[in-house]
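To start, the structure itself, in structure tokens.
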Amino acid sequence: MVKKIVLYILFFAPLLYGQNFELDQTKLSGIVKEINKKKFITNNDGNVMMRINIWGHVASPGSYLVDAGIDIISLFSVVGGPLPGSNLSKIKLYREFPDSGGVSVHLIDMGPFMRKGDRSNFLKIKPNDTIFIKENLINRVINEINLFGSVGVFITMILQFTN
């Protein structure tokens, strides 16, 4: 008898009071817009976090929630690092809003860091920044040649099997 009552409550109560359980889409879209406006978010431990986007020739491109104040080296570690063949001398950092000088796109050269550990040219990463790492030309050409070679091998295999 108790099981039947529990089943009625679990299955029929939401049907009877359905409008109370539905999400109001206008309220939901307002909440989403409000979250997007926020520059910083605190997690359950009270750490201040911010959203960063990383695109291009890295192991795991995407959007990440990272600690506020993260530097570019730590960010690369979070995303699995740049892939071999990444152009680390012309990394682009796009700001959501221009800096006080009106600049919204910055170039970062990782060469001094890679050679001497010099971090002096690193920019402070801000919320909603997007970092883009290109693949260098030589690596891209080699990958394209490998693609054409693979297609050629595939076509040869098909021709061998049909004969």
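A compact table of results
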read-out	value
Tally of residues being under 19 Å from R115 (Cβ atoms) and either outside the structural domain of N128 (by TED's automatic domain parsing) or surrounded by 11 or more Cβ atoms within 10 Å (Cβ to Cβ) (or both) across segment 78-103	9
All strands (runs of 3 or more DSSP E) inside segment 59-146 with 1 or more residues being within 19 Å of the chain's Cα centre (by Cα) and more than 30 Å from D45 (Cβ to Cβ)	91-94, 105-108, 130-133
Counted residues, segment 123-163 - those being among the hydrophobic types (A, V, I, L, M, F, W, C), modelled with pLDDT of 85 or more and exposed (fewer than 15 other Cβ atoms within 10 Å of the Cβ)	0
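The values are calculated or read from the model by the stated rules, or taken from the named source; none is laboratory data. Being a predicted model, the structure only gives us computed values, none of them experimental. Heads up, the Cβs are rebuilt from the backbone with ideal geometry, glycines too, and the neighbour counts pull from every protein chain shown.
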